[in-house]
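What follows is calculated from the coordinates using simple rules that are stated; it is not laboratory data. All of these numbers come straight from a predicted model, not from anything done at the bench. When we count neighbours, we look across all protein chains shown, and the Cβ atoms used for this are built from the backbone with ideal geometry, even at glycine.
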Amino acid sequence: MSFRTTPTVTYVEDVSPGSGALPPRAWYATSDAESLSLNGSWRFRLSATADAEDDSFAAQGYDAGDWAEVTVPGHWVLQGDGAFGSPIYTNHLYPFPVDPPHVPTENPTGDHLRVFDLPDTWPADGTAVLRFDGVESCARVWLNGTELGEFKGSRLPHEFAVGELLKPAGNVLAVRVHQWSAGSYLEDQDQWWLPGIFRDVTLLHRPTDAAGDFFVHASYDHTTGEGTLRVDSDVDGRVSVPGLDIDVATGESVTVAVEPWSAETPKLYDGELVTSGERVPLRIGFRTVVLEDGLIKVNGRAILFKGVNRHEWHPERGRALDLTTMREDVLLMKRHNLNAVRTSHYPPHPAFLDLCDEYGLWVIDECDLETHGFTEQAWRDNPVDDDRWTPALLDRAARMVERDKNHPSIVFWSLGNEAGTGRGLTAMAEWIHGRDPERLVHYEGDWDCRDTDVYSRMYASHAEVERIGQGLDGGTHKRRGLPFIQCEYGHAMGNGPGGIADYQWIFEAHDRIQGGFIWEWIDHGVKHPELGYAYGGDFGEELHDGNFVCDGLIFPDRTPSPGLVEYKKVIEPVRIEGDAAGGAVRVTNAYDFADLSHLEFEFSYQVDGFPTGAHKLAVPPLAPGESAEVKLPAAAPDGKGEEVGWTVRALLAEDTPWAGRGHEVAWGQRTVVPREPLPAAKGARPAVDGDRISLGPAAFDARTGALLSLGGVDVNGPRLDVWRAPTDNDEGASWQDDTRWGVLWRQLGLHRMRHRLEGVESGDDALTVRTRVAPAARDVGLRTEYRWTSDGTLLRLTVSVTPEGDWKVPLPRLGLRLGLPAATTGSAAWFGSGGEAYPDTRAAAKLLLWDASIEELQTPYVRPQENGARSDVRWVELGGLRIEGEPEFWFSARPWTSEQLDAARHLTDLVPGDTVWVNLDHGQQGIGSQSCGPGPLPQYFLKAEPTEFSFVFSATE
Ligand code: IPT
């Protein structure tokens, strides 16, 4: 018997980073040197294993005429309509046995072939380099039949010298890509596994004496207002910055007065590095990042991160992003007041960092490293604690730092994510600190902060963050001296995240806490012909984590979700509050660097939610941290019994690169004249007529006491409703042993409440219906009394709820559900919050008069769940009814029931019926962040307790 080993495959399972590639260097998009994009259509052949085919396809003259084609950059599993396999989604579990460095024999392998000619303009002298900006997960490369090498490190660039191999025409570039490799063990990020050449492939001409690697050092001294520039370059040359009259030799320092760079004031100076062979454009931002007094300071000031974790995602192209999509992300971030991005969990396409420099975002650039799946075996064999892997880790650190080091936006290097602890991480940190002492090092996984310059955590509770802020959290001596950030918090899966305003108050109350990064930016839903957007399990994966991959502030198509609108309000850089006396507005500048001169302020009163005309409000150009009281510019109008309030909006006074003049940055509101109490609506007498009872404009079923119609409108219900289709945050994460309300609600049976009728009482001045609402098998219940009165025109309902038994759980919701005919219920108008809001997601609830179609009232969470409630509603009109509430209520309306919403797995499962179901809620349970973090805070619990609330109904026609 003999064993055959396959020599072509050994590199796949080799822990080394690869062979043949050039040392990493600074990345730049353009120079005056010639380049040739090799993006486009490539010939493609998929094999089931790494060794199914030999390497003869790489030879010149190979006929690939019968191969399929794929687009590069791209992932083959997202092309070919399923013919090339499917994406796999797992959070932290490796989708293959944990047997490092071995990978499955079933190792999808894509052979890519591209034949190209050099353009006529391609210079004859000099040499050339072939650059791959990202290939998942392991590639072997040949040019014109000669092997160049192989590499791993999916989201990192790799260059090969190819000068002598190039021909004017008919160059054959062959790339064999393996889905699985030893590198996969280092790339266990929570995302889809998507093999392919997913970033650009470029041939770069390298003239004689072209620029090699270079390092732009541009610091800012806030005490003098001067910047110091020094560009270290492998190849000597000159550096010029015309705007600053700078023209110096590389390696030489020059100090001049400059405007500094910050995320708020992203001043970039155009410059050029000129070697005798190449001119490379530079965009220089002067700023100094230090750890001082236990704080992260930039240009002498402590900064507060208002950040987000960004994965690269496009619903059709996966992680192959085009520039337009990257710019859209940056614009959306800027327009929503974000000032920071953590590039979770790998260096992004470098063009994204150019955009961060240009528009202004602080960046934590994270290395392509995560070994999370080893947690399943208590981190045994973790590559970051095994010296054999250290060269691969150092290679990844170097490829990130060298590629990205010239971006002023980057203030932190992050070693990676969820990789436990170990010597390899220490080696990375030491190397990075040595190579770039001008930035700080981040890593969340080591709470002792052995290797890091910041104490970073994810999903810590409000209480813990508060303790950390107060310095009461203990920890190592080193940690106690470090600032704190939450590199992940506010898990934006489905409806939510809740509680972020409460975090922000804590962040702002303690210097040590320098902000956080919401998890995460975008839902990684995959566009799907039948399902709308697919998530884990939709491709038949044997192991998957469902819709945990859809946990972003924007939907897969980049529409902002209510979570992003909420976050924008929570982190707004200007605070606008009413003063106690009510005659003035208090305005506070919450920027770190900018004054308020770029904003103009608009003031208006609204009566019953209706704006009465805007005034300019003269707010002084306050410096960061300053605040001022500004007198109201006009007296409140007489609301004639209606509610009067004011709104102040801070708007961009000029166009900016990221939004036009008039874009709303911040706002505040205050009620100055409260509305009148609801009319008593009594006097009319219920009249029994056979199986009907009439009361004012309404008709009831005499046997059940159910309202049947009001005016000319048929009504189904209303009756008590406590159920909501649990949100992802209600359900909680499977690994959490904390109280998971969504699970407990279902155990108790709150989704199958029964209504036992105790009596219908037609009295002199009221119709009273008594019920007990309770689930089977349980002794808890809600004794519920409906008391109907009327003055002949208006119909008033007062609901009294008295819990019985030992209620150990808060209620999902408490209110009424009623049905209206869909045919006559097309839209709603209301006075209340404009967008979706729940008890702990209502910072952005702007009180005005709104209208929306029933369809627009739905928030399209990728996995259907409770959504769309409007808060603080005074009244709503829909389907021919006007409904006023006392106190203010939550309103939602949908063309399906909560039960149908609950049962649906995808939006395409939801089909409008002939009834619009309207919820009028007295209360809602908070949302929290328990799909990965803490649940709602106790103050947002909807406790089962004796409650009374009223509505007044009338017909609008
Ligand atoms: C944390 C991960 O860092 C992130 O990648 C993502 O998985 C997030 O959770 C949840 O969506 S790890 C978690 C176990 C705290």
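Checked against a 27 Å cut-off, the cross-linked pairs LYS616/LYS846; LYS568/LYS616; LYS297/LYS616; LYS267/LYS478; LYS306/LYS616; LYS640/LYS846 give Cα-Cα distances beyond that limit for LYS297/LYS616; LYS267/LYS478; LYS306/LYS616.
Antiparallel beta bridges, as assigned by DSSP with both residues in the chain, represent about 90 percent of the total such bridges. When VAL98, VAL769 are sorted by how many other C-beta atoms sit within 10 angstrom of their C-beta, beginning with the fewest, the order is VAL98, VAL769. Within the straight-line cut-off of under 16 Å between alpha carbons, the lysines reachable from LYS808 are LYS943, sequence neighbours fewer than 8 places apart in one chain being disregarded.
Taken one residue at a time, the phi angles of segment 863-868 give Karplus couplings (6.51, -1.76, 1.60, θ = phi - 60°) of 9, x, 6, 3, 6, x Hz. Gly and Pro are set to x.
Proximity of backbone amide H atoms, modeled 1.01 Å from N, is registered between LEU848 and GLY832, GLY834 at under 5 Å, excluding neighbours fewer than 5 places apart on the same chain. Counting pairs of alpha carbon atoms under 8 Å apart in space and at least six apart in sequence, what relative contact order in percent does the chain give? It comes to 9 percent, rounded to a whole number. Note: segment 214-288, Cα convex hull, 75 Å³ per residue. Our estimate of slack between ASP236 and ASP387, defined as 0.36 nm per intervening residue step minus the Cα-Cα distance, is 50.7 nm.
Neighbour counting of Cβ atoms within 10 Å sorts the residues LEU678, LEU599, LEU78, fewest neighbours leading, into LEU678, LEU599, LEU78.
Annotation: amide H-H contacts under 5 Å for GLU278 (H modelled 1.01 Å from N, sequence separation of 5 or more, or interchain): ALA211. Over all distinct Cα pairs, what is the inverse of the mean 1/r for segment 291-569, reported as the Kirkwood hydrodynamic radius in Å? Kirkwood hydrodynamic radius for segment 291-569: 19.3 Å. Calculated mean residue ellipticity, 222 nm, the chain: -3000 deg cm²/dmol, from DSSP H runs (n ≥ 4) at -39500 (n - 2.57) each, averaged per residue and rounded to 500. Calculate the translational D of segment 621-746 in whole µm² s⁻¹ from Stokes-Einstein, where the hydrodynamic radius comes from the Kirkwood formula applied to all Cα pairs, the temperature is 37 °C and the viscosity 0.692 mPa s. In µm²/s, the coefficient is 150.
Start at zero, step by 20 Å, and the Cα-Cα distances of the chain spread as 13, 40, 32, 13, 2, 0 percent across the bins. Evaluated at q = 0.12, 0.15, 0.19 Å⁻¹, a Debye calculation over the C-alpha positions of segment 120-279 (equal weights, vacuum) places log10 I(q)/I(0) at -0.76, -0.95, -1.07.
Electrostatic tally near HIS314: other residues with Cβ closer than 12 Å to its Cβ, Lys and Arg +1, Asp and Glu -1, net -3. Qualifying trypsin sites (Lys or Arg not before Pro) in segment 446-493, where qualification requires a DSSP coil assignment and no more than 14 other C-beta atoms within 10 Å, comprise ARG450. In terms of surrounding Cβ atoms within a 10 Å radius of their Cβ, ASP117, ASP213 rank from fewest to most as ASP117, ASP213.
In the chain the longest region clear of chymotrypsin sites (Phe, Trp or Tyr not before Pro) that are loop-assigned by DSSP and have at most 11 other C-beta atoms within 10 Å covers 4-734.
Full extension of the chain between ALA635 and LEU907 gives 93.1 nm of extra length, using 0.36 nm per residue less the Cα-Cα distance. The Cα-based radius of gyration of segment 811-957, divided by its Kirkwood radius, gives an Rg/Rh of 0.95.
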